[in-house]
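First the structure, in the form of structure tokens, and then the observations on it.
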Amino acid sequence: MKKLSIVVPCYNEESNIAPFYEAVKSHVDGLPLRYELVFVDDGSSDNTLAALRQLSDKVAEVRYLSFSRNFGKESAMLAGLQYAEGDAVLIMDGDLQHPPRLIPDMWQHFEEGYDQVIARRNRNGEQVRRKWLTKLYYRLMNNFVDVPLVDGAGDFRLLSRRAVDSLLQMTEYNRFSKGLFSWIGFKEKMIEYDNEMRNEGTSKWSFNSLLNYGIDGVISFNNRPLRLAIYAGIFITVSGFLYIIFNLFNALIHGVETPGYFTTISAVVLLGGIQLLTLGIIGEYIGRIYYETKKRPHYLVQEKDRE
Ligand code: UDP
Ligand code: MG
């Protein structure tokens, strides 16, 4: 019988662990498969770890890892994927926003031969402002990024063993999973579900972190911003050159007029701004190279179940 691993990144989810397990169990029991749950405690400051210890003592299918501090969801997912042993791996949030009732369906599609079964959430019942921002974000992103990104298709997905192994071959330090999932390709199946509200606790996303996530997404997936900088440079050089020729002839024909404060200050301000912006873009890439060359581990484990 094939084995399903369910990877669950958890950051301060103490009150969700037990309900999550019960919900998953009720939908997985009865399916023709073996399964394991791999919880990754991402350095929670509440009693998530204690809850995990307790659960894994009682239930043989439950395994866990605990990080030495908060490393972020990307690292937690990576650790879960590395630790999971199943023929298929399902990644789910621990707050029950990813409904376990979809598991039988997703497994079914995996059995049909799909390597990625993606559960895509629609945005029914979400705040208008958030909806609008996400729409804008995806429109912008898809102009910038080389791999297609779909709104609502996030980390909630089932991956075949070969898809997981492909993901694990990408060892970059700055991980942008949405892009990585899309990058590996393979046969995909998309199913839809209604947005669910969080069970307990609070979301860890603020507007700022979403904005930073957006910038990360663009920068970590291609060099198009650098291209833009080159285009801007070409445009400014050509117009500058034309302007000089124009002024030269103007001076030859009409003589030199001294007042030129407006044009001078405009050029200084505009060019200063563009140069700083470009430097910032280059700096972002260099910063990333810097982090990549350090080859630091993505996370540190302080405790595992089988020790
Ligand atoms: N999470 C994590 N590390 C973090 C932040 C979040 O492992 O630093 C987990 C969190 O416990 C949850 C999932 O990632 O299981 C999604 O987080 P959250 O619900 O805060 O995000 P949202 O659903 O609002 O996108
Ligand atoms: Mg959530």
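What follows draws every value from the coordinates through simple rules; no lab data is involved. A quick note: this is a predicted structure, and the numbers were derived from the prediction, not measured. Glycine also receives a Cβ, built like all others from the backbone with ideal geometry; neighbour counts cover every protein chain displayed.
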- [ ] List every residue whose amide H lies under 5 Å from the amide H of TYR35, counting only residues 5 or more places away in sequence or on a different chain, with H placed 1.01 Å from N in the peptide plane.
- [x] LEU4
Open item on the list: Can you tell me the orientation of helix 48-58 relative to the chain, as the angle in degrees between its alpha-carbon axis and the longest Cα principal axis, to the nearest 10?
Closed with: 30 degrees
TODO: Taking H placed 1.01 Å from N in the peptide plane, check which residues at least 5 places from GLU303 or on another chain put their amide H under 5 Å from its amide H.
DONE: SER66
Task: Which of SER266, ALA79, ILE219, positive extreme of dipole for the chain (C-beta unit charges) - done: SER266
Task: ³J(HN,Hα), Karplus 6.51/-1.76/1.60, whole Hz, each residue of segment 96-112, x for Gly, Pro - done: 6, 7, 9, x, x, 5, 7, 4, x, 4, 5, 4, 4, 5, 4, 4, 6
Task: Highest-first arrangement of 65-74, 289-298, 31-40, where packing means the average Cβ count within 10 Å - done: 31-40, 65-74, 289-298
Task: From phi via Karplus (6.51, -1.76, 1.60), per-residue ³J(HN,Hα) for segment 159-167 in Hz, x at Gly/Pro - done: 10, 6, 4, 6, 5, 4, 4, 5, 4
- [ ] Among THR48, THR134, THR237, determine the one that fluctuates most according to a GNM of the chain built with springs between C-alpha atoms less than 10 Å apart.
- [x] THR237
- [ ] Quote the relative contact order of the chain in percent (integer), defining contacts as alpha-carbon pairs under 8 Å separated by 6+ residues.
- [x] 22 percent
TODO: Just list whichever of LYS189/LYS294; LYS135/LYS304; LYS3/LYS189; LYS178/LYS294; LYS3/LYS58 have alpha carbons separated by over 30 Å in the model shown.
DONE: LYS189/LYS294; LYS135/LYS304
Task: Options TYR290, PHE20, ILE191, ranked by Cα towards positive dipole end of the chain, top entry (Cβ charges) - done: TYR290
Task: Expected 222 nm ellipticity per residue - DSSP helices of 4 or more, -39500 (n - 2.57), all of the chain, to 500 - done: -17500 deg cm²/dmol
Task: Qualifying chymotrypsin sites (Phe, Trp or Tyr not before Pro) for segment 171-271 [loop in DSSP, other Cβ within 10 Å: at most 14] - done: PHE186, TRP205
Open item on the list: Restricting to DSSP loop positions (anything but H, G, I, E, B) with no more than 12 other Cβ atoms inside 10 Å of their own Cβ, which GluC sites (Glu not before Pro) remain in segment 84-135?
Closed with: GLU85, GLU112
TODO: Pick out which of GLY214, GLY43, GLY240 has the largest mean-square fluctuation in a Gaussian network model of the chain, springs linking Cα atoms closer than 10 Å.
DONE: GLY240
Task: Karplus (6.51, -1.76, 1.60) ³J(HN,Hα), θ = phi - 60°, over segment 2-12, in Hz, Gly and Pro reported as x - done: 6, 10, 9, 9, 10, 9, 10, x, 10, 10, 6
Task: In degrees, nearest ten, helix 128-144 long axis to first principal axis of the chain (Cα) - done: 70 degrees
Open item on the list: List the residues, sorted by chain then number, that are 5 or more residues from VAL147 or on another chain and whose placed amide H is less than 5 Å from its amide H.
Closed with: none
Task: Inter-probe distance in nm under a simple model that places probes 7 Å from Cα toward Cβ, at TYR213 and ASP46 - done: 1.9 nm
- [ ] First measure r as the distance between the Cβ atoms of ALA60 and GLU292, then evaluate 1/(1 + (r/R0)^6) with R0 = 30 Å and state the FRET efficiency to the nearest 0.05.
- [x] 0.15
